[in-house]
Amino acid sequence: MLAASSGRPYLRDMARPLSPQQDAVSVSPSSGGIRSAVAWGGAGLGAMAMVGALALWFHYGTTVFFEMIASGISACF
């Protein structure tokens, strides 16, 4: 701890809670379910994109697949 003669406030004097109820973290029971649903949805979209890319790869072959990707990128820029 700092000495009182240094002129600096103590750490316990710097941040005081406004009410004793603020110390407890309040988490609603449904917030974990929403996060889980968002995570599963993102994983599902990523899996669908991967399956679509693999389907195009097997259908058109590697050369045409990479040409489609390259033309799409060049069209953006």
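Annotations for the structure displayed:
- Label-point gap, in nm, between residue 38 and residue 53 - each point 7 angstrom along Cα→Cβ: 2.4 nm
- Region 56-62 - phi-based ³J(HN,Hα) in whole Hz, Karplus 6.51/-1.76/1.60, Gly and Pro as x: 5, 4, 6, 6, 9, x, 5
- Label-zone membership for region 43-59, site residue 68, 7 angstrom Cα→C-beta point, backbone N under 18 Å: 46-59
Here, each number is a calculation from the coordinates, and none is a lab measurement. Only a predicted model underlies this, so the values are computations on that prediction, with no experimental measurement involved. Every residue, glycine as well, gets a Cβ built from its backbone with ideal geometry; the counts of neighbours run over all protein chains shown.
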